[in-house]
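What follows is a short report on a single structure.
The values are calculated or read from the model by the stated rules, or taken from the named source; none is laboratory data. No experiment lies behind these values; they were computed from the predicted model shown. All Cβ positions, glycine included, derive from the backbone under ideal geometry; neighbour counts span all protein chains shown.
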Amino acid sequence: MRYPTSNPKGNGQAAPRHSSSLQTPRTRERLRQGVSPRIWRYDKQPPVPLPRPLDVEGDLHQPGSADLAALIPGLTRIGRTVAFSAKAMTAAYGLLQLLALLTHLEP
């Protein structure tokens with residue numbers, strides 16, 4: 001499939017391929033019809049069951065970040081890969097946020 005390199009208005013400005021300006025009225029209406037019923041049914045869908053504890057593993061590209069991550073209690077490190085277990089998704093998310101911050105620290 002070939003994507004346009006300029007927007008349909010023809011003013012020479014490049015438009016992202018996922019831009020709403022590339023959607024025709026027919027496409028927007030079809031999206032509205034297909035998505036709307038699913039949005040209104042969100043509360044009828046049960047949450048996805050997750051195994052407990054959650055075993056999380058990630059690859060940190062910078063060895064210095066992996067060194068810092070190894071100082072966190074409960075986290076294990078093998079090379080650039082770090083792993084931990086979390087009792088809840090909120091705990092896993094918090095630790096992932098911390099690991100993301102560690103990757104932006106400079107030595």
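Assorted remarks:
- Within the range 48-71, none of the residues are closer than 20 Å to Glu106 by Cβ, of a type in the set (Val, Ile, Thr) and buried (at least 16 other Cβ atoms within 10 Å of the Cβ).
- Pairs with Cβ under 9 Å, 6+ apart, first in the range 21-47 and modelled with pLDDT of 75 or more, second polar (S, T, N, Q) and assigned to a helix (DSSP H, G or I): Arg28/Ser20
- Screening Ala15 on (1) modelled with pLDDT of 85 or more; (2) surrounded by 13 or more Cβ atoms within 10 Å (Cβ to Cβ); (3) aliphatic (A, V, I, L, M); (4) touching a helix residue (DSSP H, G or I) at 6+ places or on another chain (Cβ under 8 Å) shows it passes everything except condition (1).
- Counting the residues of the range 69-80 that are within 14 Å of Leu95 (Cα to Cα) and within 23 Å of the chain's Cα centre (by Cα) gives 2.
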